[in-house]
1. Are there GluC sites (Glu not before Pro) in the stretch A:101-201 that DSSP marks as loop and that have at most 14 other Cβ atoms within 10 Å, and which are they?
2. Can you list which of the trypsin sites (Lys or Arg not before Pro) found in the stretch A:165-273 are DSSP loop residues with at most 14 other C-beta atoms within 10 Å?
3. Distance from a point 7 Å along Cα→Cβ of C:LEU295 to each backbone N in the stretch C:78-94: keep the residues under 16 Å and list them by number.
4. If exposed means no more than 13 neighbouring beta carbons inside 10 Å and the site is in a DSSP loop, what's the longest run of chain B without any exposed trypsin sites (Lys or Arg not before Pro)?
5. 222 nm [θ] for chain C, helices only, -39500 (n - 2.57) per DSSP H run of 4+, per residue, to 500?
6. I need B:THR234, A:THR205, A:THR258 ordered by Cβ neighbour count within 10 Å, fewest first.
7. Sort out for me the Cα centre separation of the stretch A:175-209 from the stretch C:68-128, rounded to whole Å.
8. Taking amide H positions as placed 1.01 Å from N in the peptide plane, with prolines and chain starts having none, which residues 5 or more places from A:MET111, or on another chain, fall under 5 Å of its amide H?
Amino acid sequence: MTAVKIETRAKPRVPGRDEAKAEEPMILIEDLTLHYGDKPALKGISMQVPKNRVTAFIGPSGCGKTTLLRCLNRMNDLVDGVRITGRILVAGRDVYHGSMDVTELRKRVGMVFQKSNPFPKSIYDNVAYGPRILGTRSRAALDQAVERSLGSAALWDEVKDRLHESALRLSGGQQQRLCIARALAVEPEVLLMDEPCSALDPIATAKIEELMDELKSRYTIVVVTHNMQQAARASDVTGFLLMGELVEFGETPKIFTTPGDRRTEDYITGRFG
Amino acid sequence: MSWNRLRRKVVSGAVVAFCAAAVVLALIPLGFILFFVIGHGLPALNAAFFTQMPKPVGEPGGGMANAIAGTLILIGLAAGIAVPIGIVSGIYVSEYRKTSLASAVRFSADILNGVPSIVIGLFAYTTAVLPFQRFSAIAGGLALGIMMIPLIVRMTEELLNLVPPTLRDGALALGATRARAVFTVILPAALPGILTGVLVALARIAGETAPLLFTAFNNRFWSTRLDQPIASLTVQVYTYAISPYDDWHRQAWAGATVLIGAILTFSLLARAMTRRLERMHRP
Amino acid sequence: MSTTGPLRRSSGEGRLFPFLTGAAAVLVPCLVAGIALVLWRESLLSIREFGFAFWRTSIWDPVAGQFGALPFIWGTLYSSLLALLLSAPVALGIAIFLSDLSPHALRQPLIFLTELLAAIPSIVYGLWGIFVLVPLVRRLEIATPAWLKGVPLFEGPPLGVGLLAASLVLAVMMVPFTASVAREILKAVPSAQREGAYALGATRWEAIRMALFYGRTGIIGAVMLGLGRALGETMAVTMLIGNNPRISLSLFAPQYTMAAVIANEFTEAADPLYLDALVEIGLVLFLITVAINALSRVLVWRVGRERTVRAGRPVPAAAV
């Protein structure tokens, strides 16, 4: 097995960190299979996504990583002809169970998309959207939520003087951070990120990776990325998917230096894209 | 579930229910109309309807043969005016789409589309009836043709734009001039769609009444002369509908049934042809 | 002819092609200008005779040579706006259903049925209106309780024909048209907008509301297009409205619209002033519908649609 030269950031040893591994996983996926009509897109996926860490899904185009991500907040419900078997438990509750209220699930499991999609409203109204539909009416409470979320997304200083300007005037990187702020405003437990940096320049990308590192102390983050270096840099745990199957799943440094499966190694060394 | 969440769910459910109800609400008059028109019209449709002329006022019987022929002649005239102008204009707008003339044409076509048909009738009256001091089929054809033009222009433009640029590039690369490329490659590719659209536009204007009221006027007798007033299905139905005679009412239903039948047939035909075209072009 | 961009002549391109096709194309704007000009010229007698008082006077008595067109403006606006009020919510509901809520299998058949509703000729609506709707409305009018009849909105003998019958038919005619344009607008809203809302925990309605917000100018444009069509509607209206040139608030009263009076009286008009007065009404009808269509076109196009918009008539089925 050749040593693979991919830089992984040296992580400071946090006392008690390894004990955290024995904690309840935030998300538990058991034998998840998904069909689009007749075609299987996910085959028998099982994994445990740990709490307060960054989990990355990597794999070539079409391997199912985005599909898997979208199962976690049931966004696949919006697609016609999707069939799902298996179980997904978020914080111990079965996501596909009849008693699960989808809107509540999506409040607890937030999502940021590949291309930022701010609403055609002001920056303030974008971030306040979530709290507003959840019933917050008081101006003071909304102001607080907006400031808090924009702060968490490292955008507050840049926009605090122009909160009522249209969100569409922001740059690409700022818009994406705005979308992150918008997702954080409803105080989720999990944040799903679908290739959040693919449309951004390296500087904006670096800012978002920094953000992910800050946010994980308060949220569980799952990120889909086609950029292996990003996964190696920014994640704690990585899952490699290939053609709908979860080939390998484990601590990021291990996956990238000593992968257990031949296919993982081939992907990481660039034998296929 | 919290009160807020419950409220939101109820509101969402109510809106969904309202939208479904709206669909049903719209379908009710459709069913109602079709049911009534066809219900009254079908029994009144007999051989006489299609072969005889209207009987004198008050006498029962007779038919709308002249009106049917008249409508066919009128839409033929309209097509003769609108199709050449419409297709050629459409070619210009598609080929030279960034010019100001093209924008002006697109804008005017949309405006013309929205002009009430009675106003177009006034225009046709002034230009084709007044100078000759008589109502005529030509005037009616002119009015209908003017109404058809914007439909044909826009449709031709859209269909020409849909032709894959690789076809044009191929023709030009072989040394064809722009004109040749358009007429020998691009237009033929779009032609089936254009013809389908022409059919649909014809069906649409065949149902028009207002612009014929003082252009083609009406004619109780059989006439295929273009310089004389001519009967049409729509005007005849109108005349009979507002008359006090039951028998004429019966015939009005029959005429309306023929109209709806023709339009339905055209729509279904056009839809089938469109679907066949889409399948042909799919890779 | 401009020589920028696509018109830059390469050696393979003649002058004839753009000239001939352009000549045909220029006919279209010329037609519009021509209609305006002709209407203007043919109504000069009336314009010179009455001036703006034409539109403030409410006596229309051709026999006595008195021509006041206010009743027609009133009837046109009243019937069209009432029809708009009735049809817009239904049309929007249909548009939302077809774009966001309908099960996949139902979508195409429902669209076809909506197009069918739009394809029914005005005369057929009128015919059905006379023999089916009017008796129904008359029964409704008879059934109105006495205390309600005192209200100006409901006073008058139960004739059946009148503003209510005409507005109802207009509303039915407007629905499929507004619905199809509104549906196009909703289709053009990027799905990322709805997804963004859903991902934040929005309910079905809340996500649809976001799409409606995104496309709001276009939807207003769609409603205006429907209004434009109603203003010019002739046959069904003249068969159901009673054709009485009086200004009345009552829904049950027979009234008159601009399009209806032209249709009814043009062939009877003998003297030039009468004719010109009717043409002047046509001219104003023309100007109003042009203004509304131009405005709504701007609104609908603002949503960034590349597709064409048929102002006034539903899209022919073949033009995909």
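1. Numbers: sites: A:GLU104, A:GLU147, A:GLU158, A:GLU165, A:GLU189; in loops: A:GLU165, A:GLU189.
Here the GluC sites (Glu not before Pro) that fit, given the DSSP loop and packing criteria, are A:GLU165.
2. On the way: sites: A:ARG169, A:ARG177, A:ARG182, A:LYS207, A:LYS216, A:ARG218, A:ARG233, A:LYS254, A:ARG262, A:ARG263, A:ARG271; in loops: A:LYS216, A:ARG218, A:ARG271.
Those that pass, being in a loop and sparsely packed, are A:ARG218, A:ARG271.
3. Residues C:78, C:80-82, C:84-85 fall inside that zone.
4. Working: sites that count: B:LYS98, B:ARG134, B:ARG225.
Longest run free of exposed loop sites: B:1-97.
5. Details: 14 runs with 205 residues, N = 320.
So the helix-based figure for chain C works out to -21000 deg cm²/dmol.
6. Working: B:THR234 30, A:THR205 19, A:THR258 13.
Fewest to most other Cβ atoms nearby, the residues stand as A:THR258, A:THR205, B:THR234.
7. If you average the Cα positions of each part, the centres end up 44 Å apart.
8. A:LEU192
Since every read-out is calculated from the coordinates, none of them should be taken as a lab result. Just so you know, these numbers come straight off a predicted model, no measurement behind them. For neighbour counting, all protein chains shown are included, and Cβ atoms are generated from backbone atoms with ideal geometry for every residue, glycine included.
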